[in-house]
Amino acid sequence: MWRSTFSEDSMKWVYVGFMACLETTIWLVSAMVDCHLILTATGSSRLYSQDRAQLGRQLQRAQCRYFKDLFFSTISTNHILGYAADGYARVKGISAIVTTFGVGELSAINAIAGGYSEYVPIVHIVGTPSTVSQRDGMLLHHTLGNGNFQVFADMSRNISCAMAMLNDPNEAATLIDHAIRECWVQSRPVYIALPTDIVQKKVEGERLKTKIDLHHPPNEAEKEDYVVQVILKYLHQAKNPIILVDACAQRHRVLDEVHKLIEKSGLPTFVTPMGKGAVNETLPTYGGVYAGNGSNEGVKERVESSDLVLSIGAIKSDFNTAGFTYRVSQLSTIDFHSNYIRVKYSEYPGVRMQGVLQKVVARMEKLNVQPGPQADNKIAKEDQELSKDLVISHAWLWPRVGQWLQPNDIVVTETGTANFGIWETKFPAGVTALSQVLWGSIGYALGACQGAALAANETGNRRTILLIGDGSFELTAQELSTMIRQQLKPIM
Ligand SMILES: Cc1ncc(C[n+]2csc(CCOP(=O)(O)OP(=O)(O)O)c2C)c(N)n1
């Protein structure tokens, strides 16, 4: 049996919604090496138990060392599978789901689109009809009845950073490796279509000796040095620079570099709503959330009066900027991105921020540092009085949440009130925050909470906390039953 290797230990679980594609599971369990949890959609329990035994035998035969750790469970719907995979990936780094051709994959498509928009790496494997049925245009269930078997893949094409149509066993292994690599490096979903007749095929195993390379090629040295030099020129000249951290700093995995920059520079540091949780908020230079007119107290003034904003991984969407009320001139901004750097109005395409940040930190001299506001969870006296009166005000609630949170908690907030309220909560160290500020599909947070809680079980004793409105809760409430069965104990 062909087995690909995956060099990150983060990809551990496969969510399976289509048990007719049992072998898909094996491919994926194999492909991801560390995979040890498989979730199925409810209703497939009979198949599930038969397949489970078969899967076990095959894994034993393949001497899969993860067999002993392999767990099975069910999840209620395909779209919650997608949300759960999103939540899991945001905590652990990457995740995968397996769905049924047409009916299953379309249910998951909202969640996958969310992953695309918010840069979440999810491998979406779809069990499709056999290549023969597709070639002959047979009138099969789960089709539109018009012989078009590509239509669902086409729907996923624009929300996937790579497509792997495994119609030919000779190229299947290469396509799988390529898709998984793209998923990781671009930090976005990929789509893998696996026809039933291909599932059984054997492919070359030699490649298993080589791990998939998940690294980006380094920036061109001369170009990178030049950009670093330009950045340092402005940074050393600046009178009151600040650092602003946004979502892509997390998604493109530069938080180590960002923290080194914060600590060495001593600059006041702020996050955007989508960047919440990216930075250690207990650092003395952490000042709070900048979101234009929706900023924490004192933050808008400090950020907007800065003569140089080091903006890292920005996604300047409507909610992330409180309705485009950012008032930071491009003339006083240096943007760091995963595939380009923009210094004021000069753009440097093809230069990735990771290498640039490393060199900026290494070569940076003493900077002009003007202190900024300090974030806290203090509740104003008048708000404390109000809440004694049986009215829980937002001004009281969100700092109070911050007082109650513990280090390393995972905090999931839903579109609606919670996503805005959390701006007023200062986190303890190590908190991971999950939200869908850009995509904003309500019901997401409950599914993501499930995936996050499953991931939390793997990563030590972390609490998972969900803050969600009742309207959103109703969309995915059925998933509570799965969480109870899985003995997950998120706090909601
Ligand atoms: C799938 C989806 N349908 C509709 C919307 C539009 N929408 C945004 S917020 C919201 C209401 C949410 O209600 P609730 O969870 O009670 O919000 P809260 O009280 O927390 O503000 C709706 C319908 C959406 N974002 N996503």
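The values are calculated or read from the model by the stated rules, or taken from the named source; none is laboratory data. Computed from a prediction, not measured in an experiment: that's the story for all the values here. Glycine gets a Cβ as well: all are built from the backbone with ideal geometry, and neighbour counts include every protein chain shown.
Some notes on this structure:
- Positions within region 262-294 being in a loop (DSSP other than H, G, I, E, B), of a type outside the set (A, V, I, L, M, F, W, C) and touching a residue at least 40 places away in the same chain (Cβ under 8 Å), in sequence order: G266, P268, T272, K276, G277, N280, E281, T282, P284, T285, Y290, G294
- Those residues of region 315-337 which are touching a helix residue (DSSP H, G or I) at 6+ places or on another chain (Cβ under 7 Å) and over 17 Å from Y226 (Cα atoms), in sequence order: I315, F319, N320, R327, V328
- Subset of region 320-344 (residues that are closer than 21 Å to L438 by Cβ, among the hydrophobic types (A, V, I, L, M, F, W, C) and surrounded by 19 or more Cβ atoms within 10 Å (Cβ to Cβ)): A322, V328, F336
- Check on S306, over 30 Å from the mean Cα position of the chain (by Cα), modelled with pLDDT of 95 or more, part of a loop (DSSP other than H, G, I, E, B) and surrounded by 13 or more Cβ atoms within 10 Å (Cβ to Cβ): yes
- The listed residues are A291, A375, and the only one of them that is among the small types (G, A, S) and either in contact with a Lys or Arg (Cβ under 6 Å, 6 or more places away or on another chain) or not assigned by TED's automatic domain parsing to the domain that holds D225 (or both) turns out to be A375.
- Number of the condition not met by A456 [criteria: (1) in a loop (DSSP other than H, G, I, E, B); (2) within 17 Å of the chain's Cα centre (by Cα)]: (1)
- Which listed residue is within 12 Å of the chain's Cα centre (by Cα), at pLDDT below 95 and assigned by TED's automatic domain parsing to the domain that holds V126, from A85, A108: A85
- Within region 390-435, being within 16 Å of the ligand (Cβ to nearest atom), in contact with a Ser or Thr (Cβ under 9 Å, 6 or more places away or on another chain) and of a type in the set (D, E) holds for one residue alone: E414.
- Matching option when the condition is buried (at least 20 other Cβ atoms within 10 Å of the Cβ), in contact with a Lys or Arg (Cβ under 7 Å, 6 or more places away or on another chain) and aromatic (F, W, Y), among Y83, Y119, Y88: Y119
- When L331 is tested against (1) at pLDDT below 95; (2) out of contact with any Pro (no Cβ under 6 Å at 6 or more places or on another chain), only condition (1) is not met.
- Applying the criterion of being among the basic types (K, R) and out of contact with any Phe, Trp or Tyr (no Cβ under 7 Å at 6 or more places or on another chain) to the residues of region 224-267, the residue that is surrounded by the most Cβ atoms within 10 Å (Cβ to Cβ) is K260.
- Close pairs (6 angstrom Cβ cut-off, 6 or more residues apart or separate chains): under 14 Å from L446 (Cα atoms) in region 66-85, modelled with pLDDT of 50 or more and surrounded by fewer than 16 Cβ atoms within 10 Å (Cβ to Cβ) anywhere: S76/Q478
- Residue selected from region 309-319 under the condition part of a strand (DSSP E or B) and among the hydrophobic types (A, V, I, L, M, F, W, C), by the criterion surrounded by the most Cβ atoms within 10 Å (Cβ to Cβ): I312
- Scoring G440 on the criteria (1) crowded, with 16+ Cβ neighbours inside 10 Å; (2) at negative phi leaves a single failure, condition (2).
- Meets criteria (under 20 Å from V343 (Cβ atoms), at pLDDT 95 or above and surrounded by fewer than 23 Cβ atoms within 10 Å (Cβ to Cβ)) for N219: yes
- Within region 436-491, if we keep just the residues that are among the aliphatic types (A, V, I, L, M) and out of contact with any helix residue (DSSP H, G or I) (no Cβ under 9 Å at 6 or more places or on another chain), the residue that is farthest from the ligand (Cβ to nearest atom) turns out to be I484.
- Counting only helices (runs of 4 or more DSSP H) that fall entirely inside region 132-199 and contain at least 2 residues that are touching a residue at least 40 places away in the same chain (Cβ under 8 Å) and under 21 Å from L106 (Cα atoms), the qualifying elements are 151-157, 169-186.
- Residue pairs meeting the criteria (Cβ under 7 Å; at least 6 apart or on separate chains; first farther than 23 Å from W398 by Cβ, in region 451-477; second within 16 Å of the ligand (Cβ to nearest atom) and acidic (D, E)): G451/D86
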